[in-house]
Amino acid sequence: MTPKKTNPRKERFLSNLPTQDLVSDISDVKGKLSFSFKYFDASQEAGQDFKDWNDKQKQELLEKLRDYSRESKVFWLNQRVGGGGLKVLEIYGDFPKNSDFEYPKHVPEKVRWARFRMESAMRLVGFFVPEDAVTELKLSSDIFYIVFLDKDHRFYKMEKQ
């Protein structure tokens, strides 16, 4: 039998690969929020596309996505901001009747509409899949599916007090 040749480039490459345990990484993110733009809709007049947001707004969006993905959905449902104690994450359930947006045809019907509060009036609007619809829709309940960028708070309009 001939001796096996060594490949110094291969050995150097393999020795520089990260050694983090993939299993521990998976367990660390289990139950944490993830975000998907699979159902993103920038076609409606009330919403925006990324090109419509300035650099500061896009930076704030990315920072919020990073922060939100470090915790679970339940964590953000219980976090309050502002003087009135408003929730960071609000799950509405049904699509709001008082909205400048229309229900996109490409979004499944059994979802629970929600929003993340961003800076000032800015909102990140989308949905979660309820546990009882995960199998049918083939979507995850730990993913927030982003549908609209709403910098002017037009998704769920509150009546003037």
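List of remarks:
- Just checking the listed ones, PHE128, PHE101, PHE13: in the Gaussian network model of the chain with Cα springs under 10 Å, the one fluctuating most is PHE13.
- The HN-Hα couplings worked out from phi for segment 87-103 by the Karplus form 6.51 cos²θ - 1.76 cosθ + 1.60 (θ = phi - 60°) are 6, 5, 10, 10, 9, 7, x, 6, 5, x, 6, 9, 9, 8, 9, 10, 4 Hz, whole numbers, x standing for Gly and Pro.
- Among GLY82, GLY47, GLY31: highest mean-square fluctuation, GNM of the chain, C-alpha pairs under 10 Å: GLY82
- Residue pairs exceeding 19 angstrom between C-alpha atoms, taken from LYS64/LYS151; LYS32/LYS73; LYS64/LYS138; LYS56/LYS151; LYS58/LYS151; LYS38/LYS105: LYS64/LYS138.
- The chain: projected area of the alpha-carbon convex hull, averaged over directions, in nm²: 15.5 nm²
- In order along segment 148-158, the Karplus-derived 3J(HN,Hα) couplings, from 6.51 cos²θ - 1.76 cosθ + 1.60 at θ = phi - 60°, round to 10, 9, 10, 7, 10, 6, 10, 6, 10, 7, 8 Hz, and Gly and Pro are given as x.
- Residue with peak Gaussian network fluctuation, the chain [Cα springs, cutoff 10 Å], from SER15, SER69, SER141: SER15
- Percentage relative contact order, the chain, counting C-alpha pairs under 8 Å, at least six apart: 27 percent
- The chain: calculated mean residue ellipticity at 222 nm from DSSP helix runs of at least 4, using -39500 (n - 2.57): -6500 deg cm²/dmol
- Computed with a 1.4 Å probe on the full set of protein chains, the accessible area for ASP67 sits at about 50 Å².
- Based on C-alpha pairs under 8 angstrom that are at least 6 apart in sequence, segment 29-110 has a relative contact order of 35 percent.
- Nearest-10 value in Å² for the accessible area of SER120, using the 1.4 Å probe: 100 Å²
The values are calculated or read from the model by the stated rules, or taken from the named source; none is laboratory data. Keep in mind that what you see is a predicted model, and the values were worked out from it rather than measured. Heavy atoms of the whole protein, side chains included, go into the accessibility calculation; ligands, DNA and RNA do not. Shrake-Rupley method; radii C 1.70, N 1.55, O 1.52, S 1.80 Å.
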